[in-house]
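Asker: Here you go, one structure.
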Amino acid sequence: MPRIPSPFFRFKQFAVWHDRSALKVCTEACILGAYADVAGAERALDIGTGTGLLALMAAQRNTELYTDAVEIEEQNYIQAVNNVAHSPFAGRISVHHSSIQEWSDRKANTALYTYDLAYDLIISNPPFFANHLRSPDQARNRALHSDTLTLEELAISVNRLLSKKGRFVVLLPAYETQLLTVIAAREGLWPTRQLEVFQRPDRPLFRMITTFERHFAESVPETLYIHHSDGTYSDGFQTLLKEYYLIF
């Protein structure tokens, strides 16, 4: 008998319902939420928030952080609003039904907008499939495929909204990371920190989490294995997620 997936994922301080969302809570997104440097940030932006997972994880680690979370897909937006409302961080997260292109236009064209009002943390797990087999589920297509948000549009939006000393942290596969690095450089954004994520030591590179800033620095790659070769969770993964996962 097939296993029925749970409609929610419970963390130590909050729960994320994903039964109405096109994409479910996944391990790599949890790694991004736990790895992103939120220290000292006061205003954050979560691009394509989905269920609200990243905004909630950031709010748990930084009690002074106020986050705008934007989401283009209506069902995801509704799910994120509900998840935030039932969390301990509801007063510090605002969910907006908008594309990041519309949001950046609105913010950047506001007469009062200055770098002083810009975000000092932007975080995103963006769509990245450019030529991938389509799903019959159109909401899932919008969440997965870059025709709703190209890497160039992402970089332009981040450049418009990131403060002078801000950080942009993004999760992508290796090839798309290389593409974004070239595009981001044209916007004056440079990689300063990078995590290479492997599912196991004997598996190929799975994902990369890159931190971009407005100054050039030589980034030294870090490595994270999710599992040991025997399939158990690695020590590094347990250390990273121990503030969130109930099993650690």
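Asker: Please enumerate the residues belonging to the stretch 48-80 that are farther than 18 Å from PHE11 by Cβ and either outside any helix (DSSP H, G or I) or not acidic (Asp, Glu) (or both).
Answerer: First, the residues of the stretch 48-80 that are farther than 18 Å from PHE11 by Cβ: 48, 64, 66, 68, 70-78.
Across the stretch 48-80, the qualifying residues are GLY48, GLU64, TYR66, ASP68, VAL70, GLU71, ILE72, GLU73, GLN75, ASN76, TYR77, ILE78.
Asker: Check whether at least one residue in the stretch 204-213 is open to solvent by 70 Å² or more (accessible area, probe 1.4 Å) and modelled with pLDDT under 95, and report yes or no.
Answerer: First, pick out the residues of the stretch 204-213 that are open to solvent by 70 Å² or more (accessible area, probe 1.4 Å): 204.
Still in the list and also modelled with pLDDT under 95: none.
No, the stretch 204-213 has no match at all.
Asker: For a quick check of your reading of the model, give me the residue pairs whose first member lies in the stretch 177-199 and is hydroxyl-bearing (Ser, Thr, Tyr), whose second is in a loop (DSSP other than H, G, I, E, B), with beta-carbon atoms closer than 8 Å and at least 6 apart or on different chains.
Answerer: THR192/HIS215; THR192/ALA217; THR192/SER219
Asker: Given the condition of a type outside the set (Val, Ile, Thr) and assigned to a helix (DSSP H, G or I), answer yes or no: does some residue in the stretch 1-24 qualify? Write out each step before concluding.
Answerer: Of all residues in the stretch 1-24, those of a type outside the set (Val, Ile, Thr) come to 1-3, 5-15, 17-24.
Among the residues that remain, those that are also assigned to a helix (DSSP H, G or I) are: none.
For the stretch 1-24, residues of a type outside the set (Val, Ile, Thr) and assigned to a helix (DSSP H, G or I): absent.
Asker: Taking the stretch 1-60 as the search range and keeping residues that are at pLDDT 95 or above and hydroxyl-bearing (Ser, Thr, Tyr), which one is surrounded by the fewest Cβ atoms within 10 Å (Cβ to Cβ)?
Answerer: Per the criteria, the residue is THR27.
Asker: Let me ask something else. Which count do you get for residues in the stretch 164-196 that are in a strand (DSSP E or B) and either closer than 22 Å to ALA39 by Cα or aromatic (Phe, Trp, Tyr) (or both)?
Answerer: Residues of the stretch 164-196 in a strand (DSSP E or B): 164-172, 190-196.
Narrowing further to those that are either closer than 22 Å to ALA39 by Cα or aromatic (Phe, Trp, Tyr) (or both): 164-171, 190-196.
So the answer is 15.
Asker: Just to check your reading of the model, which residue among TYR245, TYR225, TYR233 is of a type in the set (Ser, Thr, Tyr) and in contact with a His (Cβ under 8 Å, 6 or more places away or on another chain)? Before the answer, list the steps.
Answerer: Values: TYR245 fails: in contact with a His (Cβ under 8 Å, 6 or more places away or on another chain); TYR225 fails: in contact with a His (Cβ under 8 Å, 6 or more places away or on another chain).
When all the criteria are applied, what remains is TYR233.
Asker: Can you tell me which residues in the stretch 206-219 are in contact (Cβ under 8 Å) with a residue 24 or more places away in the chain and not in a strand (DSSP E or B)?
Answerer: Answer for the stretch 206-219, where residues must be in contact (Cβ under 8 Å) with a residue 24 or more places away in the chain and not in a strand (DSSP E or B): ARG214, HIS215, PHE216, ALA217, SER219.
The values are calculated or read from the model by the stated rules, or taken from the named source; none is laboratory data. What you see is a predicted model; the values in this text were computed from it and never measured. Neighbour counts run over all protein chains shown; Cβ positions are idealised from the backbone, glycine included. Calculation scope for accessible area: heavy atoms of the full protein, side chains included, ligands and nucleic acids excluded. Shrake-Rupley method; radii C 1.70, N 1.55, O 1.52, S 1.80 Å.
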